[in-house]
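These notes are about the structure you will find just below.
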Amino acid sequence: MESGETSGAWLERGCVGCLAMRLHFIPIHLFRETPSVAFFDAGVPGANGADVVIHRGAATSPPDDDGFEQYYVHQHQVDHNLVIEGQRVFTLLNPAWPQPHHVIHLQRAMGALQIPIGTYHRSASGEGGSLVLNQACRDEAFDYATEFVPVTLRERPDLQKLRDVRPWVWSWQDGHIRRSHGP
C-alpha cells in the first residue's frame, strides 16, 4: 500500500460458529516515486527467506498438468508476495476457510499478500510478465525438497469442489483494496 494507507487486513465473517479467516496485505512504505524511480521499504517482520519469482511474459506457476490446474501448498512457510513490476493474479484455495476460494489481482500498491500455511496457491501473469518478491517466514522444519512440490487437481475432487466455489475477487481500485464476489 502507499504510505498513509491502512494495513489492508480484511476480516471475513462466515456462518455462525464458523472460524473467521483473514487475508492480510502487508503495507509497503513509499519513500519516493518519480516517473523513473520508485524507492520503498518492502520489509516483512520475521521474514527469513527471500525468493524472487520472475514471469517473463505470460506464465503460470505452477504450470497446468495436462489441462488440470496445479497448486503449491506450504506446511512450513508463510508467503508474503509483493509485486515489484507488473501485476500477478493469485488463486487461493483453503478448505479450512468458510470462504475457500479467492482470486487476488495483486499490484504493488496493495502491499505483500500473505499466504498462510495450508493454503493452496498459484499465480499467473499476463503478456507483460511480472516480478514478485516473496519474503517468506519459514519454520525449523522447512525443506526445499518438500515445500515446492505441485499438487494437481487431476485426482483431488476435494480441491476441484473448492475451485468451483464462487470466488471472492480482490483488486486495487481508487486507492483502496476492494473485494467483490466473482462470477
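Just so you know, all these numbers are worked out from the coordinates, no wet-lab data involved. What you see is a predicted model; the values in this text were computed from it and never measured. Cβ placement follows ideal geometry from the backbone for every residue including glycine, while neighbour counts extend to all protein chains displayed.
Distance from the alpha carbon centroid of region 41-86 to that of region 134-148 works out to 12 angstrom.
Taking the inverse of the mean 1/r over every pair of distinct Cα atoms in the chain gives a Kirkwood hydrodynamic radius of 17.0 Å. The HN-Hα couplings worked out from phi for region 54-59 by the Karplus form 6.51 cos²θ - 1.76 cosθ + 1.60 (θ = phi - 60°) are 10, 10, 8, x, 5, 7 Hz, whole numbers, x standing for Gly and Pro. If each DSSP helix of 4+ residues adds -39,500 (n - 2.57) and the sum is divided by the residues in the chain, what number results at 222 nm, nearest 500 deg cm²/dmol? It lands at -1500 deg cm²/dmol.
What residues from region 100-141 fall in the zone where the backbone N is under 20 Å from a label point 7 Å along the Cα-to-C-beta line of Asp41? Backbone N within reach: 108-114, 133-137.
What order do you get for 67-76, 129-138 when each peptide is scored by the mean count of other beta carbon atoms within 10 Å, highest first?
In decreasing order of mean packing, 67-76, 129-138 become 129-138, 67-76.
Put a plus charge on the Cβ of each Lys and Arg, a minus charge on the Cβ of each Asp and Glu, and nothing anywhere else: the dipole of the chain about its Cα centre is then about 480 debye. Shown in residue order for region 63-78 are the 3J(HN,Hα) couplings computed by the Karplus curve 6.51 cos²θ - 1.76 cosθ + 1.60 at θ = phi - 60°: x, 5, 9, 6, x, 9, 4, 10, 9, 8, 9, 9, 10, 9, 8, 9 Hz (x for Gly and Pro). First select every other residue whose beta carbon is under 15 angstrom from the beta carbon of Asp64; then total the charges, Lys and Arg +1, Asp and Glu -1. Counting the neighbours of Asp64, the net charge comes to 0. Along the charge dipole of the chain, which of Leu113, Leu162, Gln87 sits closest to the positive end, that is, farthest toward it, with unit charges on the beta carbon of Lys, Arg, Asp and Glu (+1, +1, -1, -1)? Farthest along the dipole direction, towards plus: Leu162. Using a Gaussian network for the chain with springs between C-alpha atoms less than 10 Å apart, which of these wobbles most: Ser123, Ser36, Ser171? Largest GNM mean-square fluctuation: Ser36.
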